[in-house]
1. Within segment 35-53, work out how many residues are exposed (fewer than 15 other Cβ atoms within 10 Å of the Cβ) and free of Cβ contacts under 8 Å to residues at least 24 places away in the same chain.
2. Collect the residues in segment 54-79 that are surrounded by fewer than 17 Cβ atoms within 10 Å (Cβ to Cβ) and acidic (D, E), keeping them in residue-number order.
3. Working only within segment 1-13, note down all residues that are open to solvent by less than 60 Å² (accessible area, probe 1.4 Å) and either touching a Gly at 6+ places or on another chain (Cβ under 8 Å) or not aromatic (F, W, Y) (or both).
4. Output the number of residues of segment 14-24 satisfying the condition of being closer than 20 Å to F59 by Cβ and surrounded by 16 or more Cβ atoms within 10 Å (Cβ to Cβ).
5. So the check is Cβ under 8 Å with 6+ separation or different chains; which pairs have a first residue in segment 54-72 that's closer than 19 Å to Y21 by Cα and a second one that's assigned to a helix (DSSP H, G or I) and open to solvent by 60 Å² or more (accessible area, probe 1.4 Å)?
Amino acid sequence: ELTPRKTSHFRLLHRESGVPYEEMLFFDDCNWGDHCADVSNTFGVISQRTPRGMQLSEFHRGLAKYRKAAEQRPTTGDE
């Protein structure tokens with residue numbers, strides 16, 4: 001079920017957790033492929049590359065991306 005592609009991981013995470021893709025935030029330190037673009041383009045997961053490992057600036061950048069996306073999502077009235 002899991003493959004080297006992160007899309008298989010996110011498919012499983014989504015199915016098992018019930019968390020909508022657009023409410024996920026993915027940090028990736030991979031330097032040999034663009035997993036962030038892969039999961040963002042496939043599922044709409046918010047992602048941030050961290051090519052030198054997690055740096056505080058990248059953590060904040062990822063949170064800012066997530067916040068901006070969350071503000072643009074339509075509300076359902078259930079929140």
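The values are calculated or read from the model by the stated rules, or taken from the named source; none is laboratory data. These figures come from a predicted structure and were not determined experimentally. Cβ coordinates were reconstructed from backbone atoms using ideal geometry, including for glycine residues, and neighbour counts include every protein chain displayed. For accessibility, only protein heavy atoms count, side chains too; no ligands or nucleic acids. Shrake-Rupley method; radii C 1.70, N 1.55, O 1.52, S 1.80 Å.
1. Number of matching residues: 5.
2. E71, D78, E79
3. Within segment 1-13, K6, T7, S8, H9, L12 qualify.
4. Matching residues across segment 14-24 total 1.
5. Partner pairs satisfying both residue conditions: A69/E22; A70/E23.
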